[in-house]
1. Which of the residue pairs Lys26/Lys161; Lys345/Lys378; Lys316/Lys386; Lys161/Lys345; Lys316/Lys354 have a Cα-Cα distance greater than 23 Å in the structure shown?
2. Using alpha carbon centroids, what distance separates the stretch 303-343 and the stretch 194-219, in Å?
3. FRET efficiency for Thr180 and Ser72, Cβ-Cβ distance as r, R0 = 35 Å, nearest 0.05?
4. Roughly how many nanometres apart are two label points built 7 Å out from the Cα toward the Cβ at Ser227 and Val409?
5. Could you name the aspartates and glutamates whose alpha carbon sits less than 15 Å from that of Lys168, not counting residues in the same chain fewer than 8 places away?
6. What is the stretch 212-332's relative contact order, in percent, from Cα pairs under 8 angstrom and six or more apart in sequence?
7. For the pair Thr152 and Lys265, what calculated FRET efficiency results from E = 1/(1 + (r/R0)^6), where r is the Cβ-Cβ distance and R0 = 25 Å, to the nearest 0.05?
8. Roughly how many nanometres apart are two label points built 7 Å out from the Cα toward the Cβ at Ala283 and Phe62?
Amino acid sequence: MKLVSIILSGGAGTRLWPVSRQALPKPFMHLGGSSLLQQAIERGQACGTDDSVIVTNQDYLFLTRNVIKQLSDPPNARYLLEPKGRNTAPAIALAALACTQEHGPEAVMLVLPADHLIPDTEAFVASALEAARQALQGQLVVFGISPTAPETGFGYIEVEKVSRHTQKALRFVEKPDLATAQGYLATGRYYWNSGMFCFTAGTILQALKEHAPEVLEAAEHAWTTSSTESGATQFDAHAFGLQPDISIDYAVMERASNVTLVPAKFGWSDVGTWPAVAQAYTADTSGNTFVDGEGTQFITVDTTGTHVQTDSHTAKVVATVGVHDLVIVDTPDALLIAHKSAAQKVKAVVDTLKERKHESTQLPASVNRPWGTYATLKEESGYKVKRITVNPGQSLSLQYHHQRAEHWVVVQGTAIVQVGDEEHTTLPGQYRYIPLKEKHRLTNTGENELVLIEVQCGGYLGEDDIVRLADTYGRA
């Protein structure tokens, strides 16, 4: 049996703002010491998969490759890079075409969203191997989660009776209102839809042909116009955009007769809200959970059931007095305070910020780039102060700015700074000035991370005031 992990690494995670943002979405959030994406990849590897197909946005390729590099035993990874999100049916169709091309139609696809938390890997593997056995018999397999509450944020799957045994899925239903969800639980006939699936590449392609031919035809067209280099498949934006925006549940699972449900014998969370994040941490005797930045000290007085999470450029003291059942998430550029019962409404905050075109929905406080990171430490009218890190052997693009000059002070590592046509070796404590409209570049020539402080001065300090003349990462 050839088993291939299909990692769906999408989803904005807007209910997890201000940590999850467009440039660093939910799959890259860290829970329990590693990112959710890394955990999904390792979960597939635990089932014996040497090969992974990772479907993600083209802007996240360098972030995803960084995750792969951190693994002690990296899989053979192929990347399908979406110009924009088109939901799970097109993503799975394209992944099936990739699997068929590389491994044949009998390859078993284990489809895993990259934003789930499953602590018990051994139990997951047992369920996944049962799903693979069913897939080899021509079944479209979905993992069902035994419901613990009348949750309105999940889809449901009806079966004959909730049990620990594999059985036929009778009906898929969308996210219900509270009264309907309560009715589902009372019948003892419904599972939560986990969004995890298993089938052979040939079986899902045949199902798409029968039940959603327009999805398959559009995926095949996008596939024929794609190009692959170094394991990364790029799609023509127009051809990709012609694919229907539809979930695999709507396109296939609700219509097919060969759908089997494997009950999950493991703990599961889709980590969709801040209370779900809190449940991933060990609470103190008062039910409080804490996630701290370096050097943070927490002081709680008459505080219960509260989740506090900080990310600060400096050590910080966080004190809570007389509060109960809150979520408090503090980042360098945003602060969220919400009652746990209203955590679903965080999305409304993001919607409002998007209407205002506020940067905090797009970029995190520490922005990842292919060469390293940058974080804004201070910004006022006329100037901005940044902390910039550059990975060993990496360099910023050769660029200039129309509306700002820059001052660079290296505080760690060794840099080659190009200003105009001259290059300067720059050591810790040394300074370089970049005049307005002067081309410049920075390269880390050392073996360790390079850190510098940048002070921008000018009338406009937006990130779009960059004219790239040459770039290692293809952005010029």
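All of the numbers you see were taken from the coordinates with simple rules; none came from a lab. Remember, it's a predicted structure, so these values are computed and weren't measured experimentally. Quick reminder, even Gly has a Cβ in these numbers, built from the backbone with ideal geometry, and neighbours come from all protein chains shown.
1. From Lys26/Lys161; Lys345/Lys378; Lys316/Lys386; Lys161/Lys345; Lys316/Lys354, over 23 Å: Lys26/Lys161; Lys345/Lys378; Lys161/Lys345; Lys316/Lys354.
2. 43
3. Plugging the Cβ-Cβ distance into 1/(1 + (r/R0)^6) gives 0.15.
4. 4.5
5. Lys168 reaches Glu130, Glu158, Glu160, Glu254.
6. The value is 15 percent.
7. 0.50
8. About 4.1 nm separates the two model spin labels.
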